[in-house]
Structures are given as C-alpha cells and as structure tokens.
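If you scroll down you'll find the structure; I have some questions about it.
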Amino acid sequence: MATNKPSDSTLRLGSIAPNFESDSSNGKINFYEYVGDSWCILFSHPDDFTPVCTTELGAFAKLEPEFTKRNVKLIGLSVNDTKMHKAWIEDINEITGSFLSFPIVSDPKREISHKYDMIDFQDSTNVDDKGLQLTIRSVFIIDPKKTIRLIMTYPASTGRNTAEVLRCVDSLQACDNYKIATPINWIPGDDVIVHNSLNNDEAKKLFPKFRAIKPYLRLTPLDIQELNKNHKL
Ligand code: BEZ
C-alpha cells in the first residue's frame, strides 16, 4: 500500500546502495545482478509522459555509449507501471531520436523511492492523481563495490545536465586512479589538483610538471599515459 510518508532513508556518500528487485521496462530486474562489476547511474523521474523527463531520458540514451566506455550502466526509475514505461519509451525515441535500451524501473508503491529518499516533500504540486508523492530528480553514482559515491537532487521543475553527470564520473574515476582532486569546472584534459596527502617531494616524482600556486594549491597536467608509468595508488 503506497502512502505519503517521510522517507527514513539515511543514505549518504559512502553508504552501500541497497539492492532491490522490481519490474522494469526490460522485465524483472535484480539491481545488483544488473549492475554486476560496473559502475552505475541510478536516476529517478517524477512521472511518465512528462516533458522534462522525456528530454532527460532521450539525452541519457544518446549519451549511453560514453557511459559504457567508462564501464557505467544506466538505470532509470519512474513511479508508473511497465506498460506505461514501454509506451513512453516509444515516444521518447520518436521525439528525441534516441534508442533507449537501458531499464526504467517501475515503482508504483514508492518502495525503492523511499529506500533511496527520492521523494518530494517541498513541492505540493509534485503528486499524482491520487495525491501520492511523485519522485524527484535524484542521481546516484554508484561504484563497482556498490558504494554511493555521489548524489544529486533536483526538483521536478529543473531538468538535469547529462554532461555534468558524465563529468562527475570522469572526476570520480580519475581521483580513484591518481592522487589528485579536480577543480571547479574541470573537464578531462584540464589541469588537476595534486592531492594534499602528497608532500612536494612525493608530488615531484608522480607529477614532474606540477606547479605550486600556493602551498595548498598545486596544479598539474594529467597525462594519463605518462602517469601510468610511475603512478600506482
Ligand atoms: C516534467 O518532467 O516535465 C515534470 C514532471 C513532474 C512535474 C513537473 C515537471
């Protein structure tokens, strides 16, 4: 029985993403089995056949090859049933020229939505025709150990930015592989920040071209091929 209630989710960065089983546009799905050893982007939508969500799903579908290159699987969630999801996907493909093949989970009772705290309490208009809360626009970036690495939360009225989601994956993966952080508006190819855990001597070995703007702000180009020769975490 679906109810309007506060979510008791305490998911934070570093939490293990809960598993779930559900119907989806691609049939029954076990979340952990679907993700396997990949990274995953789990993202929710308020409702099927709505304009903002339609543009978002078309954009995610078009960018899917870039996510695949980075070993990332996509999985959407919306509260409607799978019959509606399938009909909506036909519209999405027609309107946006995409070919959406990743699953969209069906969560009519908001069970997964509550687990992941994808529920809206601020926007009283974001409810279905029965007055049940609709989901908001949540994005969870989950790593292969099923650890939640990044959470974004947008209101129903604001469409997300797929390039930003991809950029965050690039940053997380680069920071996992090298002792770096990524500065404001970083995109791959830009200089990165040498991690504060490295002293200057250690930094010099790993990043021979680093330069100190301030003792606490050291920048370096990130030439991944060059770095792979002498940089193992
Ligand atoms: C939309 O996707 O367009 C939308 C859905 C729910 C509320 C507002 C906008």
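The values are calculated or read from the model by the stated rules, or taken from the named source; none is laboratory data. Source: prediction; values computed, not measured. Don't worry about glycine lacking a Cβ; one is built from the backbone with ideal geometry, like all the others, and counts go over all protein chains shown. What goes into the accessible areas is simple: the full protein's heavy atoms, side chains included, and nothing from ligands, DNA or RNA. Shrake-Rupley method; radii C 1.70, N 1.55, O 1.52, S 1.80 Å.
Could you give the nm distance between label points at residue 223 and residue 123, where each point is 7 Å from its Cα heading toward the beta carbon?
In this crude spin-label approximation the distance works out to 4.7 nm.
Can you tell me, using C-alpha contacts under 8 Å and at least 6 residues apart, the relative contact order of the chain as a whole percent?
Relative contact order of the chain: 21 percent.
Suppose every Lys and Arg Cβ carries +1 and every Asp and Glu Cβ carries -1, with no other charges. What dipole size does segment 21-160 come out with about its Cα centre, to the nearest 20 debye?
For segment 21-160, the charge dipole is close to 500 debye.
Please give me the summed charge of the neighbours of residue 23: other residues whose Cβ is under 15 Å from its Cβ, Lys and Arg +1, Asp and Glu -1.
Every neighbour counted, the sum reads -1.
To the nearest µm²/s, what D does Stokes-Einstein give for segment 178-230 at 10 °C and 1.306 mPa s, using the Kirkwood radius over alpha carbon pairs as Rh?
143 µm²/s
For residue 83, list the lysines whose Cα falls under 25 Å from its own Cα; do not include residues on the same chain fewer than 8 positions away.
Candidates past the 8-residue exclusion: 28, 62, 73, 109, 115, 130.
Accessible area per residue for the chain in Å², computed with a 1.4 Å probe and the full protein assembly in place, what is it?
Per-residue accessible area for the chain comes out at 52 Å².
Next question. Given the Cα-Cα distance of residue 199 and residue 87 and 0.36 nm per residue of separation, how much length would full extension add, in nm?
34.6 nm
Then there is this: Rounded to the nearest 500 deg cm²/dmol, what is the calculated helix-only ellipticity per residue at 222 nm for the chain, with -39500 (n - 2.57) per DSSP H run of length n ≥ 4?
The helix-only estimate for the chain comes to -9500 deg cm²/dmol at 222 nm.
Additional query: Over the chain, what percent of the accessible surface lies on carbon and sulfur atoms, probe 1.4 Å?
Summing carbon and sulfur atoms, their accessible area is 53 percent of the total for the chain.
Would you report the distance distribution of C-alpha pairs in the chain as whole percents per 10 angstrom bin, up to the bin with the largest distance?
Per 10 Å bin, starting at 0, the Cα pair percentages come out as 7, 30, 31, 18, 11, 4, 0.
Multiplying the sequence separation of residue 152 and residue 28 by 0.36 nm and subtracting their Cα-Cα distance, what value in nm do you get?
Answer, rounded to one decimal: 42.0 nm.
Can you work out the Karplus-derived ³J(HN,Hα) for every residue in segment 164-177? Use 6.51 cos²θ - 1.76 cosθ + 1.60 with θ = phi - 60°, whole Hz, and x for glycine or proline.
After applying 6.51 cos²θ - 1.76 cosθ + 1.60, I find 5, 4, 5, 4, 5, 4, 4, 5, 4, 5, 5, 6, 6, 8 Hz.
Between residue 212 and residue 37, what FRET efficiency comes out of the Förster formula 1/(1 + (r/R0)^6) with R0 = 35 Å and r the beta carbon distance, rounded to 0.05?
According to the calculation, E is roughly 0.35.
Along the Cα→Cβ direction, 7 angstrom out, place labels at residue 95 and residue 109. What is the inter-label distance in nm?
3.0 nm
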